[in-house]
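Novice: The following block contains the structure, expressed as structure tokens.
The values are calculated or read from the model by the stated rules, or taken from the named source; none is laboratory data. Treat the numbers as computed from the prediction; the structure is a model and nothing was measured. Glycine gets a Cβ as well: all are built from the backbone with ideal geometry, and neighbour counts include every protein chain shown. With ligands, DNA and RNA removed, areas are computed over all heavy atoms of the protein, side chains included. Shrake-Rupley method; radii C 1.70, N 1.55, O 1.52, S 1.80 Å.
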Amino acid sequence: MTSTDQRPLGSPFNADSTSEDVLAGLDLSGRTAVVTGGYSGLGLETTRALAAAGARVVVPARRTGTARAALSDVAGCEVVPMDLADLGSVREAAAHIRTSHTALDLLMAVAGVMATPERRVGPGWEGQLAANHFGHFALVCELYPLLAAAGGARVVVNSSAGHTLTGIRWHDPHFRTGYDKWLAYGQAKTANSLFAVHLDALGRDDGVRAFALHPGKIITGLQREMTLREQIDRGWVDEHGNVVGAGFKTPSQGAATGLWAATSPLLDGLGGLYLEDCDVADVSAPDTPMDDGGVRAHAVDPGAAARLWELSAAATAAAPLIR
């Protein structure tokens, strides 16, 4: 796919649609989904919606006790220990999933961190790129045989309007020359989108299609690294933490685009696209305000996607099963 394919399809859903709207009348019995971050925020909403529609849901979780408590009333849900910032942990979780399941219909990469203080993980990787991108890259690569075995799997990756902040910093992806938490977040979100672009290019012959998306503005645990004052100064919340900013969605509305990406027949035969508000997004001009929507060309560029894939495969020693 190229940026010229980034055109709305005329979806019956929109920014106000909820997870219940998108999955109304759908029976997902017999399907298996993996949802990272599936025990809080948008991930929890996603897990609940998929399970309510009949899917079996596997939730990899860094905080397994918290996850099991949050999901105690969700039938057909399994919690597997996993830390996205630890590739050894990712591989152990994937090995467990491979021994427990023969096929995987959906992989929803919902987990993420935002605007964190500078952190180094693994061999000195920048923490947001590691957790948001490298961890998901390795997980998908490890689970690829199960995705291919499903004969029509979809991988859905949560990006963000934050991708507008920067493309991939090829000269310094790990911010060794000076850290900026928002540029680091923006790079990671661009990486999420580019990952979907190239995964789709590689996987389509196996029936594996991939999509990236902006879920919208939602106050969830994603903001946990930000102070209340930062959120007030950005016009998101008031002094008591209540949402006051314009255009914010509920968690159910925020989960809707990912669930639409996972299930909509309008997307049959398509992939490598960036979605928002339950439809395909337009390409936005470089000077378009972030909140005006759309996807920057740098986040859906096939050449950049292939280059990032090679960088990620070399860094993580992953992807040998995807050809």
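Novice: Could you order the peptides 48-61, 276-289 from most to least packed, using the average number of other C-beta atoms within 10 Å per residue?
Specialist: Most protected by this proxy first, the peptides run 48-61, 276-289.
Novice: Which value in nm describes the separation of the simple spin-label points at R120 and T102, placed 7 Å from the Cα toward the beta carbon?
Specialist: Result: 4.7 nm between the two label points.
Novice: Quick one: 3J(HN,Hα) in Hz for the range 151-164, Karplus 6.51/-1.76/1.60 with θ = phi - 60°, rounded, Gly and Pro as x.
Specialist: Per residue, the Karplus-derived 3J(HN,Hα) values read x, x, 7, 10, 10, 10, 10, 6, 9, 5, 4, x, 4, 5 Hz.
Novice: Still on this structure: Where Lys and Arg each count +1 and Asp and Glu each count -1, what net charge lies around L267 among other residues with Cβ under 12 Å from its Cβ? Let's see the in-between values first.
Specialist: Values: positive: R154, R209; negative: D5, D200, D268, D279.
Around L267, the surrounding residues sum to -2.
Novice: Take the alpha carbon atoms of the range 296-323, find their center, do the same for the range 261-282, and report the distance between the two centers in whole angstrom.
Specialist: Cα centres, the range 296-323 to the range 261-282: 21 Å.
Novice: In whole angstrom, how far apart do the alpha carbon centroids of the range 117-175 and the range 47-94 sit?
Specialist: 18
Novice: Express the accessible area of the range 8-127 per residue in Å², computed with a 1.4 Å probe while the remaining protein chains stay in the model. Walk me through the numbers before you get to the answer.
Specialist: On the way: 5100 Å² over 120 residues.
Here the per-residue accessible area is 42 Å².
Novice: Ignoring ligands, DNA and RNA, what percent of the 1.4 Å accessible area of the chain is carbon and sulfur?
Specialist: Values: 6480 of 12690 Å².
Its accessible area is 51 percent carbon and sulfur atoms.
Novice: Take every DSSP beta bridge with both residues inside the chain and express the antiparallel ones as a percent of the total, to the nearest 5.
Specialist: Of those bridges, close to 15 percent are antiparallel.
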